[in-house]
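Read the structure below first, then the notes.
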Amino acid sequence: MARELLFSRAENEALRQEMERDPTVILMGEDVAGGAGRADQGFIDAWGGPMGATKGLIQRFGPERVIDTPICEMGFIGAAVGAAVTGLRPVAELMFVNFVGVCLDPIMNEGAFLRYMLGGQVSVPLVIKTAIGATGRAPERGGGSAAQHSGSMYSIFAHVPGLKCVAPSDPYTAKGLLIAAIRDDDPVVYCSHRQLAGTKGEVPEAPYTVPIGKARTLRPGRDVTLVGIARMTGVCLEAADRLAGKGVEAEVVDLLSLSPLDEETLVESVRRTGHLVVVDEDTPRCSVARDVAAVIADRAVDHLDGPVKTVTAPHAPVPYSGVLEAAYVPTPEAVVAAALATLRD
Amino acid sequence: MATELRLPLLGDIMTEGTLRRWLQADGARVEAGQPLYELETDKVSFTVEAPAAGVLRRLVTEGEVVQVGGLVGRLEEAAEAGPAPSPEPVSLPEPPVPPGPASVEEPVGPAPPVGPARLRATPAARRLARELGIDLAALGSERRLREADVRAWQAASERAAPEATAYAGRRRAIGERMVRSLQTSAQVTLNSEVRVDAVLDMIEGLNREWRERGVVLTLTRAVVKAVAVALGDHRHLNVRLEGERIVPREGVHVGVAMDQEAGLIVPVLHEVDRMSLEEVARELRELTRRAEAGRLTQADLEGATFTVSSLESTVVDAFTPIVDPPQAAVLGLGRVREVAAFEGSGVVRRRVATLSLTFDHRVTDGAPAARFLGRLADLLERPYLLLEGRR
């Protein structure tokens with residue numbers, strides 16, 4: 001019988017199984033144990049990060065391998081790069097993706113480029129695990145986490161050559177992609193949408209990987225291709241249900257890997273449907289969504305039977321107000337409207 | 001002294017032409033070399049330039065059919081055309097009328113069709129129209145045309161009741177040429193089924209490599225190259241029969257039959273024997289584009305020493321192409337099909353296409369023609385031979 005797990009527990013299982021399998025896998029970051037979680041201070045494992053994804057790991061693997069760090073991303077991400085170069089496989093948790101602003105140098109110039117700077121003499125088997133996305137808090141409950149803690153921003157990583165970047169959309173892909181990221185010999189940024197943390201889905205117990213660089217088609221359709229990223233994949237599936245009610249068969253492609261990009265799956269799909277809508281919670285300028293659109297404009301142009309549409313956040317920081325946040329994030333209604341626009345304009 | 005503008009002769013079988021469009025207004029001052037009008041024959045569209053400077057006097061209206069050598073207009077010197085007393089009212093040479101198809105004093109019928117720039121169609125609609133040989137302008141729409149519009153138009157035009165059309169123009173030119181060919185030569189067609197797995201794989205690989213260079217290889221284009229290589233070893237098919245003599249031709253110039261709405265057209269790729277495979281692919285793509293845009297020149301239609309007629313993109317397996325005199329042979333290419341074939345004691349899936357060689361039995365015999373066909377099959381089955389340098 002299939003077993004269901006919460007998304008955050010699927011990530012927890014991936015980390016635990018990989019740490020059991022490989023003693024060089026370590027975990028570090030702010031609150032990965034839980035605040036000042038140290039046995040000698042009388043309490044450990046208070047919460048295991050904001051989504052609880054690392055809860056319980058310090059009891060099993062000890063403070064040597066589960067390291068609570070000071071609030072200094074540049075310091076501990078830099079340390080993680082050093083550890084990766086010298087033989088460990090660190091998973092460094094960047095609590096929210098917005099904090100990339102203070103540690104882009106160790107991620108990009110060191111993590112991504114060291115292999116190239118040193119003529120291929122080193123590998124950097126590093127995972128940056130980070131939370132993305134708006135809170136989705138109901139407007140009547142007040143505000144969300146605002147501009148500094150709700151970004152998606154993975155386009156920054158996708159833009160850097162030498163970095164891989166993945167974004168799971170459900171518990172199954174969360175576990176599989178996290179294990180694949182840990183086993184990869186190059187730095188991988190693993191983006192975990194905060195609103196997915198509490199969603200449930202089937203997850204096999206035995207360790208498995210979901211290949212990096214491959215998209216998956218979740219629902220076949222012949223009229224329009226909807227491409228989703230992370231939580232937006234679920235939005236696409238809901239939009240596809242509504243489109244079915246209007247007689248439109250939408251194909252849903254779950255991008256999963258933002259870099260490398262699975263151009264073949266995208267091109268093959270649009271060659272069949274002739275229509276593309278890319279749905280992305282990130283801001284639109286220089287984004288993954290626009291990049292997918294450009295690939296299609298290049299490689300499937302003769303098959304396009306309508307304008308390529310992107311449904312993204314507006315080009316603005318994530319607002320605090322719950323009402324504005326709800327208006328900011330792409331919705332199934334917006335996806336349906338875009339699909340009908342490319343089909344009928 | 002006025003310069004008389006007479007309809008030029010654009011080829012040996014041309015007898016008349018249509019002045020499709022004036023490119024300068026009546027009374028406009030033009031310089032030598034400026035485009036004057038568009039001339040359309042049964043084979044080509046051609047822009048005629050001013051042979052001298054002067055003030056244009058139009059003598060025929062757009063759409064009129066004029067015999068070769070017929071007077072279509074005059075280029076007058078400024079003094080003749082000046083404001084001095086004149087038997088007929090003419091517009092003043094100053095200021096010059098801006099060039100354009102419409103002139104004020106000439107009542108015209110419906111406005112000329114808007115150019116392709118104003119036509120809105122999705123890329124998929126354009127591709128389908130190209131494949132079906134449909135001119136999108138004929139669909140005319142306020143909104144952007146889609147693939148479904150092209151399909152609907154195609155379906156409607158297939159349903160439309162057939163009407164009698166004139167046996168004239170390009171239709172008649174093709175018809176008379178074909179009848180003359182069959183009545184005056186001894187044509188034999190040989191068919192051979194050829195394995196194309198290797199050449200199709202190579203084409204796919206080369207297209208990936210060449211994509212950035214804008215070069216697209218197809219099976220037909222590869223066959224044109226193979227023909228050039230094979231004719232190098234089989235000169236007896238690269239000849240023309242002139243009365244009492246069989247004369248070898250200089251170089252290999254391959255006519256490639258193309259289907260157009262107005263009928264068959266066979267532009268010629270010249271000096272294929274000097275081209276690499278990539279050059280053949282690139283030049284044939286360019287030739288196809290010019291043919292589709294109606295911009296072939298007379299030179300593009302002359303001098304073929306051999307013809308390739310491809311029905312690769314259709315449902316036809318094999319056929320009997322007709323030799324275009326004075327050429328000695330023509331090669332037909334059918335569609336690619338999958339067949340089950342024996343390999344050792346097992347059965348494998350294999351892709352094949354049928355080559356149909358029609359040759360004129362007056363200039364050569366079945367056995368040498370069969371050897372030529374065998375050489376072609378060999379080149380397609382070992383396609384790396386097509387990658388050798390220029391021959």
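List of remarks:
- Candidates B:ALA2, B:ALA28, B:ALA81 - the one that is crowded, with 18+ Cβ neighbours inside 10 Å, among the small types (Gly, Ala, Ser) and modelled with pLDDT under 85: B:ALA81
Okay, residues lined up against (1) in contact with a Lys or Arg (Cβ under 6 Å, 6 or more places away or on another chain); (2) in contact (Cβ under 8 Å) with a residue 40 or more places away in the chain; (3) over 29 Å from B:SER45 (Cβ atoms):
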position	(1), (2), (3)
B:ALA168	no, no, no
B:ARG172	no, yes, no
B:MET178	no, yes, no
B:LEU182	no, yes, yes
B:THR189	no, yes, yes
B:VAL194	no, yes, yes
B:GLY205	no, no, yes
B:GLU209	no, no, yes
B:LEU231	no, yes, yes
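- Screening A:GLY245 with (1) within 29 Å of A:ARG194 (Cβ to Cβ); (2) away from chain B (no Cβ under 14 Å); (3) not charged (D, E, K, R) gives one miss only, at (1).
- Condition met for B:LEU136 (under 25 Å from B:LEU269 (Cα atoms), free of Cβ contacts under 8 Å to residues at least 40 places away in the same chain and not assigned by TED's automatic domain parsing to the domain that holds B:PRO267): no
- Among the candidates A:ILE67, A:ILE71, the residue that is in a strand (DSSP E or B), at pLDDT below 95 and hydrophobic (A, V, I, L, M, F, W, C) is uniquely A:ILE67.
- For B:GLY133: the one exception among (1) out of contact with any helix residue (DSSP H, G or I) (no Cβ under 6 Å at 6 or more places or on another chain); (2) at the interface with chain A (Cβ under 10 Å from one of its Cβ atoms); (3) surrounded by 13 or more Cβ atoms within 10 Å (Cβ to Cβ): (2)
- Extreme residue, surrounded by the most Cβ atoms within 10 Å (Cβ to Cβ), among residues of the range A:231-253 that are over 30 Å from A:HIS149 (Cβ atoms) and aliphatic (A, V, I, L, M): A:ALA250
- The listed residues are A:LEU266, A:LEU256, A:LEU261, A:LEU324, and the only one of them that is more than 14 Å from chain B (Cβ to nearest Cβ), closer than 20 Å to A:SER150 by Cα and within 21 Å of the chain's Cα centre (by Cα) turns out to be A:LEU256.
- Residue match in the range B:347-358 (condition: closer than 25 Å to B:GLU176 by Cα, in contact with a strand residue (DSSP E or B) (Cβ under 7 Å, 6 or more places away or on another chain) and of a type in the set (Ser, Thr, Tyr)): yes
- Of the strands (runs of 3 or more DSSP E) contained entirely in the range B:222-290, those carrying at least 1 residues that are closer than 30 Å to B:GLY169 by Cβ, at pLDDT below 90 and of a type in the set (Gly, Ala, Ser) fall at B:263-265.
- Every residue from the range A:270-305 that is out of contact with any strand residue (DSSP E or B) (no Cβ under 6 Å at 6 or more places or on another chain), touching a residue at least 60 places away in the same chain (Cβ under 8 Å) and of a type outside the set (Ser, Thr, Tyr): A:GLU281, A:ASP282, A:CYS286, A:ASP291
- Subset tally (residues that are under 30 Å from A:ARG231 (Cβ atoms) and not in a loop (DSSP other than H, G, I, E, B)) for the range A:115-140: 8
- Yes/no for A:TYR190 being among the hydroxyl-bearing types (Ser, Thr, Tyr) and either outside the structural domain of A:GLY144 (by TED's automatic domain parsing) or assigned to a loop (DSSP other than H, G, I, E, B) (or both): no
- One residue from B:ALA125, B:ALA198, B:ALA173 being within 14 Å of another protein chain (Cβ to nearest Cβ) and surrounded by 11 or more Cβ atoms within 10 Å (Cβ to Cβ): B:ALA125
- Odd one out for B:SER185 among (1) within 24 Å of the chain's Cα centre (by Cα); (2) crowded, with 17+ Cβ neighbours inside 10 Å; (3) away from every other protein chain (no Cβ under 14 Å): (1)
- Scan of the range B:333-379 for residues that are touching a residue at least 12 places away in the same chain (Cβ under 8 Å) and part of a loop (DSSP other than H, G, I, E, B), ordered by number: B:GLY334, B:ARG335, B:VAL336, B:HIS361, B:ARG362, B:VAL363, B:THR364
- Restricting attention to the range B:143-169, the residues that are within 14 Å of chain A (Cβ to nearest Cβ) and at pLDDT below 80 add up to 0.
- Search result, residues across the range A:270-295 that are within 14 Å of chain B (Cβ to nearest Cβ), closer than 23 Å to A:SER169 by Cβ and surrounded by 23 or more Cβ atoms within 10 Å (Cβ to Cβ): A:VAL270, A:THR273, A:HIS275, A:LEU276
- Residue within the range B:238-247 that is closer than 16 Å to B:GLU271 by Cβ and in contact (Cβ under 8 Å) with a residue 12 or more places away in the chain present: yes
- For the range B:139-196, filtering for residues that are under 30 Å from A:LEU343 (Cβ atoms) and either in contact with a Pro (Cβ under 7 Å, 6 or more places away or on another chain) or not polar (S, T, N, Q) (or both) leaves 19.
- Search result, residues across the range B:301-326 that are within 26 Å of B:SER45 (Cβ to Cβ), polar (S, T, N, Q) and in a loop (DSSP other than H, G, I, E, B): B:THR305, B:SER313
- Remark: B:LEU10 matches the filter, which requires a residue to be among the aliphatic types (A, V, I, L, M), outside any strand (DSSP E or B) and within 21 Å of B:ARG171 (Cα to Cα).
- Annotation note: Cβ proximity below 9 Å between a residue of the range A:118-143 that is over 16 Å from A:ASN98 (Cβ atoms) and a residue that is of a type in the set (S, T, N, Q) and buried (at least 24 other Cβ atoms within 10 Å of the Cβ) (sequence gap 6+ or interchain) occurs for no pair.
The values are calculated or read from the model by the stated rules, or taken from the named source; none is laboratory data. The model shown is predicted, which means the values in this text are computed figures rather than measured ones. Glycine gets a Cβ as well: all are built from the backbone with ideal geometry, and neighbour counts include every protein chain shown.
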